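Okay, so here's the structure we're looking at.
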Amino acid sequence: MCGIVAAVISSGDIRAEVLAGLKTLEYRGYDSAGMAVLHQGEISVRRKMGKIANLEAELDRNELPPSGLVIAHTRWATHGAPADRNAHPHRDDKERIVVVHNGIIENFLELRQRLADAGHEFSTETDTEVLANLIASHRNTGLELHAAVRAALKEVHGAYGLVVMSADDPEQLIVARMDSPLVIGLGDHGNYAASDMPALLHLTRDFLILENGESAMLRADSMEVLSAAGKPIQPKTLHCDWTPEQAERGGYPHFMLKEIHEQPDVLARTAFDRCVDKDGDVDFEEEFGLTDAELAGFERLRFMAMGTSLHAAMLGQKFLAELARLPGETLNASEFLYSAPLEEGNALTVVVSQSGETADSLRAMREVQRRGGRVLGICNVQGSTLAREADHLILTHCGPEIGVASTKAFFGQVTALYLLAIRLGRARGVLNANQGREYLHDLRNLRHHFEALFRQESLDEIKQAADFLTGVRSCLFLGRGLQHPVALEGALKLKEISYLHAEGYPAGEMKHGPIALIDEHFPVIALSVKDRTYEKMLSNLEEVRARGGKVIAIANQGDERVAATADYVISVPEVPELLSPLVTVVPLQLLSYEVALGLGRDIDQPRNLAKSVTVE
Ligand code: F6R
């Protein structure tokens, strides 16, 4: 939530590169944006409500002077409504210190009062302006800038990723983090900071990741990194395997569409480029770190996640039961925190998160660890908090996901969970080597079925159904068994980007309430592929039709029985049952995309949402 980009270079002007980096972060928040530069000892700031395009227009009208010391921010409002005055960067009242900040300072009111009593004046409602004044008050006591920032942060409760610039310290930036991501980019001619790696890929692919409590002073040719205790440290560097092109739209009108189309490649990147050894057994990368003996020792698995990742986790639990005969449970990470602290026993907790920065998921992970449990993270972002703090790790290697609505990350997570279930099945002796290879063969074969999903005939079917949905206000997604999490995901995708009301339900639940809603204006999207739930799904379709409800069915190619009952059919190829969620989810992603397009929505940056939810 909120995006930060900052740079300090040895000579020249870095404004354009910082702005380009900021644009790649717009998915993190887009209520307002701003930039500050230092030029000839003076700080200049431009800020604008709305998207970064508004800031760009402002910068065209009212140019900032060229500078090699620049900070910028795109905001998702927490304190203070979206408005020019509340946009970052924020200055202290003497305009000597300027700050961009992600996170929330919980005790800002108390700090504000104290600073106001000491004569500081405030012009915004934000916690960040308080921070700028607090740092200035310490700098004014004669402390060096880095020491002043650390002294200020000692007084602060809450989360922050921040960058500080000072008019009196012209060649340096101070960066610090606590529960909000911040990376340092290492360049040949300067150093950079950002809340996310994609913002800096056009400048560098070498990074340092700050841990909680750490801070750094960045100069163009050197830096000083201090531990939480204030001791100089040398953090490990990380070479990012994402390319700058992966963070671009590549000719697609929206990131979401590009990312939907990348899913066949995700299959290769998540599964076959890294996770399968030459004998066809699943062998994860080194960070996995769990032996077969350890895996065989777990008595149950617990999956935790939020949003789309939660739906992937639900499928993980089902794979585990099928392939490893191991019981599991799936919990919303934010709810776990309020459950009674039972004994962890011999359980492994799998935390699934695309960003690895979701506050609820991170808190749940830490709570499990506090109770003595072990955590396996399934995550897309190298160097993220989940990737660093989980005891064990599977990286999904989907490449950067920029569209706010998650698509390819879900695909990568489900693939990784399928592989995990095979590995557990092998470790527990439930699957022999041949069976393991067969399940992997099914996964490998899936690639050939993707062509059918993106064929023009299928896209036409999706468009027709989408045209119909643009005229309704509400709808129901139904699925049973493996298709239940897909129904939940389909409903989430539709509401996120089209703003239509949609609910996902297990189809068996329909008669226990939701059926009351059905009439000709309240359609049902039914996942009715030929699996063990097929006959029951057909009965559900009949029940909907009998009440005048319209049916959009996701069905296997050429299924006449479904075609006879449904108003719209979207065909998918027939694949092995366990893998069918990877096939049925794709037309649902495309369906919501087409509905949102038809309704003229802002697909990559839907209202009120942010890509990575770093506050609880
Ligand atoms: C849905 C979506 C969100 C995220 C959720 C968890 O399209 O993007 O529901 O899935 O905020 O995010 P991660 O996976 O980063 O933990």
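Values for this structure:
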quantity: The range 354-410: number of residues that are small (G, A, S), assigned to a loop (DSSP other than H, G, I, E, B) and either closer than 17 Å to C275 by Cβ or within 12 Å of the ligand (Cβ to nearest atom) (or both); calculated: 8
quantity: Some residue of the range 296-313 being away from the ligand (no atom under 16 Å from the Cβ), of a type in the set (D, E, K, R) and in a helix (DSSP H, G or I); calculated: no
quantity: Residue within the range 554-571 that is within 16 Å of the ligand (Cβ to nearest atom) and either in a helix (DSSP H, G or I) or of a type in the set (D, E, K, R) (or both) present; calculated: no
quantity: Residue in the range 594-615 that is at pLDDT 95 or above and under 26 Å from K530 (Cβ atoms) present; calculated: yes
quantity: Which listed residue is at pLDDT 95 or above, surrounded by 15 or more Cβ atoms within 10 Å (Cβ to Cβ) and at negative phi, from L443, L469; calculated: L469
quantity: S571 vs. criteria small (G, A, S), at pLDDT below 95 and more than 20 Å from L488 (Cβ to Cβ); calculated: no
quantity: Among the residues listed as L500, L588, the single one being within 16 Å of the ligand (Cβ to nearest atom), touching a residue at least 40 places away in the same chain (Cβ under 8 Å), closer than 30 Å to A359 by Cβ and surrounded by 24 or more Cβ atoms within 10 Å (Cβ to Cβ); calculated: L588
quantity: Which listed residue, of A220, A229, is loosely packed, with under 14 Cβ neighbours inside 10 Å, of a type in the set (A, V, I, L, M, F, W, C) and assigned to a loop (DSSP other than H, G, I, E, B); calculated: A229
quantity: Contacts under 6 angstrom Cβ, first residue in the range 541-560 being over 24 Å from S458 (Cβ atoms), partner surrounded by fewer than 16 Cβ atoms within 10 Å (Cβ to Cβ), 6 or more apart; calculated: G548/D519; G548/E520
quantity: Search result, residues across the range 70-119 that are under 18 Å from S166 (Cα atoms) and either within 28 Å of the chain's Cα centre (by Cα) or small (G, A, S) (or both); calculated: V70, I71, A72, H73, H88, P89, H90, V99, V100, H101
quantity: Subset of the range 27-52 [of a type outside the set (K, R) and within 17 Å of P65 (Cα to Cα)]; calculated: G34, M35, A36, V37, L38, H39, Q40, G41, E42, I43, S44, V45
quantity: Test for R85: is it basic (K, R) and closer than 30 Å to S222 by Cβ; calculated: no
quantity: Cβ pairs under 7 Å, 6+ apart, first in the range 478-494 and over 13 Å from L315 (Cα atoms), second more than 11 Å from the ligand (Cβ to nearest atom) and of a type in the set (D, E); calculated: A491/E503
quantity: Scan of the range 20-46 for residues that are farther than 22 Å from P198 by Cα and in contact (Cβ under 8 Å) with a residue 60 or more places away in the chain, ordered by number; calculated: L38, G41, E42, I43
quantity: Members of the range 333-353 found to be more than 9 Å from the ligand (Cβ to nearest atom) and within 22 Å of the chain's Cα centre (by Cα), listed by number; calculated: S334, E335, F336, L337, T349, V350
quantity: Boolean, A152 is crowded, with 24+ Cβ neighbours inside 10 Å and over 26 Å from S67 (Cα atoms); calculated: yes
quantity: From the options L323, L310, residue that is assigned by TED's automatic domain parsing to the domain that holds V414 and touching a strand residue (DSSP E or B) at 6+ places or on another chain (Cβ under 7 Å); calculated: L310
quantity: Matching residues, the range 446-489, being of a type in the set (A, V, I, L, M, F, W, C) and not in a helix (DSSP H, G or I); calculated: F454, V472, C475, L476, F477, L478, L482
quantity: Test set (1) without any contact (Cβ under 8 Å) to a residue 24 or more places away in the chain; (2) surrounded by fewer than 17 Cβ atoms within 10 Å (Cβ to Cβ) - G508 fails condition number; calculated: (1)
quantity: Count of the range 189-217 residues which are in a strand (DSSP E or B) and over 20 Å from the mean Cα position of the chain (by Cα); calculated: 8
quantity: Where a residue in the range 178-205 is of a type in the set (D, E) and its partner, wherever it lies, is assigned to a strand (DSSP E or B), with Cβ under 7 Å and at least six apart; calculated: D196/G3
quantity: Given (1) surrounded by fewer than 24 Cβ atoms within 10 Å (Cβ to Cβ); (2) out of contact with any Ser or Thr (no Cβ under 9 Å at 6 or more places or on another chain), number of the condition V524 does not satisfy; calculated: (1)
quantity: Residue in the range 275-286 that is away from the ligand (no atom under 16 Å from the Cβ), within 30 Å of T24 (Cβ to Cβ), more than 23 Å from the chain's Cα centre (by Cα) and at pLDDT below 95 present; calculated: yes
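The values are calculated or read from the model by the stated rules, or taken from the named source; none is laboratory data. The shown structure was predicted, so the numbers you read here are calculated from the model rather than taken from an experiment. Note that each Cβ is placed from the backbone with ideal geometry, even for glycine, and that neighbours are counted across all protein chains shown.
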